[in-house]
1. Could you please find all residues in segment A:52-68 being more than 15 Å from ligand 2 (Cβ to nearest atom) and of a type in the set (Ser, Thr, Tyr)?
2. If I filter segment A:113-137 down to residues being within 23 Å of the chain's Cα centre (by Cα) and part of a strand (DSSP E or B), which single residue comes out as farthest from the other protein chains (Cβ to nearest Cβ)?
3. When you go through A:SER50, A:SER63 one by one, which is the residue that is among the polar types (S, T, N, Q) and either more than 12 Å from ligand 1 (Cβ to nearest atom) or assigned to a helix (DSSP H, G or I) (or both)?
4. Based on what the data block shows, is A:SER207 over 17 Å from A:LYS117 (Cα atoms) and hydroxyl-bearing (Ser, Thr, Tyr)?
5. Testing A:GLY66 on (1) over 18 Å from A:VAL245 (Cβ atoms); (2) away from chain B (no Cβ under 14 Å), one condition comes back false. Which one is that?
6. Out of all the residues in segment B:151-190, which are within 8 Å of chain A (Cβ to nearest Cβ) and either farther than 20 Å from A:CYS181 by Cα or of a type in the set (A, V, I, L, M) (or both)?
7. Among the residues of segment B:161-170, which ones are more than 18 Å from A:ARG127 (Cβ to Cβ) and part of a helix (DSSP H, G or I)?
Amino acid sequence: MTPVEPITGPRVRHPLEERPACPASQPIVEVDRLSLYYGGKPAFQDVTLSINKGCITALVGPSGCGKTSFLTCLNRLTDLIAGCRVSGRITIDALDVLAPGINVIQLRRRIGMIFQKPNPFPLTIRRNLEFPLREHGLRGREQIARIIETTLRDVGLWDEVKDRLDSPALALSGGQQQRLCIARALALLPEVLLMDEPCSALDPLSSGVVEDLIVGLRERYTVLIVTHNLAQARRIADYAALFWVQNGAGRLIETGAAKQIFEEPRDPLTAAYVSGMRG
Amino acid sequence: MAETLSRSQNPREWLAFALVWGSAALVTATFCWLLGDIVWHGLSHVSWTFLTAPPENAGRRGGIGPILVSTSLILGVCLAVSLPIGIGTAVLLAEFTSDQSLFGRMTRRSLDVLAGVPSIVFGLFGNAFFCKTLGLGFSILSGGLTLACMVLPILIRSTEEGFRAVPASYRLSAAALGLSRTTTLVHLLLPAAVPGLLVGLVLGVGRAIAETAALIFTSGYVDRMPESLLDSGRALSIHIFDLSMNVSGGDANAYASTLVLVIMLLAINGTASWLATYGLHRKVVTV
Ligand SMILES: Nc1ncnc2c1ncn2[C@@H]1O[C@H](COP(=O)(O)OP(=O)(O)O)[C@@H](O)[C@H]1O
Ligand SMILES: [Mg+2]
């Protein structure tokens, strides 16, 4: 895996044909009739979806249709929200995610999450990566140093920060902070990465760098990415799912191969959305 | 320039301007006058001997050595008790109690009421509970514990605000990385909540160190050097009160003692704001 270089010249695009193929459909996450309620009010209802291993799946749809809420069910971040109730079934590699007794800490190590706004801790760059590793039981200094270097190289940040690992992470630029957050998640060797509009708070240049980085994660990780940027979804996604608000709650309208969703949508709503007429 | 012109053209605006600046100047002037008076009368009496020698002739002569020791001990007891309880309660209120829950609402309301209760009431409570019921008598321990009761509401509420000021994104991103609640609390939330804690501490300690009414009934006014926490000990504020009210000819030493008290207050304030800007920043960055 070559690290993503900080871009200087024009960005290399990945046209559909040139993508490294993700393995033929082998589901890793299975979501069955999932609904989520905030204090009795539904955010989305009845979502059934399977997510293929090693592929990039894009969740698209207008604001407020429950995309972020959907992601937070998969790593049980919903546990932190008072009055939030989830029903249905989620399995990740045969693990029943919503079962009351599961080890949530272990689950969250396996399911990384990147937020819309870069959110490094107010610590040094090194401590941002080291702290979660230690918390998950890694002690060896050399091993930790090696993982820090590998993940920073993976996100193309190593050359930019290797001389200032002990300076505050919050002094980095927005794009660098977001890549640091991705590195922080990758350091825990997750199987699935949830990304909630990871580029929308970044300038176009940084957004491009992060996008290339996400493309580079295909095959090694399963990526579920929420994006408002249809062009971006077209460029990077193998699969796509469209959410839409109907009768006051988010619904899954259509899901399938990205090519099919964007070029031969079956549902008229999808057709209107991908052609830019609605949403 | 344009602004000055328009201000002078509009009499109402000019009046508002004068009122705001006038009251600010008045407050500052009063403080400076007070401070100047204390320094003017007190400075010449403050010396190393004054700070260390025991008082003589009911405090007219001699120093304040034992009184400084008693004051520090009372303050020490107060902090040793109120800091852990204060932080613990603030964590409970901010991190483990929902805003709407009955328990949270009741606790917050009671704390706010307690924060406004006159100190004499705390003094009487301390006398009844610590001195009599618990049998600690007039002692530094009773005084420190009474002060702790008095300081706790302020400390808890402002530490709680400190926790609430920590962005929710810290908690979410920490949870998403599989960090336990305890780790998140100790390594991320607590350092970030320290500014609130410091504000509470400054207000609380400021109130405690200047306290007279609550201490007269609990730690008493024996001006000998205390030998244990169960001895009675005279706090600096009580010494000042006694010298200026009950001892004729004690004015000079009262001024000097007041100057020491003011310097202590300023030092505590200064340390806290230094910690908030420098010491703390380092801590947060390097944990
Ligand atoms: N913590 C919350 N409490 C109550 N309602 C929420 C909360 N988070 C989101 N919602 C509501 O749930 C719906 C879906 O929100 P969200 O999942 O953020 O949508 P999206 O990410 O697609 O914009 C919205 O109507 C939003 O107002
Ligand atoms: Mg969202």
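The values are calculated or read from the model by the stated rules, or taken from the named source; none is laboratory data. Given the structure is predicted, the values throughout are model-derived calculations rather than measurements. FYI the Cβ positions are ideal-geometry reconstructions off the backbone, even for glycines, and counts take in every protein chain you see. Surface areas here come from the heavy atoms of the whole protein model, side chains and all, with no ligands, DNA or RNA. Shrake-Rupley method; radii C 1.70, N 1.55, O 1.52, S 1.80 Å.
1. The answer is A:THR57, and nothing else.
2. Among residues in segment A:113-137 that are within 23 Å of the chain's Cα centre (by Cα) and part of a strand (DSSP E or B), the one farthest from the other protein chains (Cβ to nearest Cβ) is A:ILE114.
3. A:SER50 is the lone residue from the list that is among the polar types (S, T, N, Q) and either more than 12 Å from ligand 1 (Cβ to nearest atom) or assigned to a helix (DSSP H, G or I) (or both).
4. Taking the combined requirement at face value, the residue does not satisfy it.
5. The number of the failed condition is (1).
6. The answer is B:LEU172, B:ALA174, B:ALA175, B:ALA176, B:LEU177, B:LEU179, B:LEU188.
7. Hits for segment B:161-170 are B:GLU161, B:GLY162, B:PHE163, B:ARG164, B:ALA168.
For (1) buried (at least 18 other Cβ atoms within 10 Å of the Cβ); (2) at pLDDT 90 or above, each residue gets a yes or a no:
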site	(1), (2)
B:PRO167	no, no
B:ALA174	yes, yes
B:THR182	no, yes
B:VAL186	no, yes
B:ALA193	yes, no
B:VAL199	yes, no
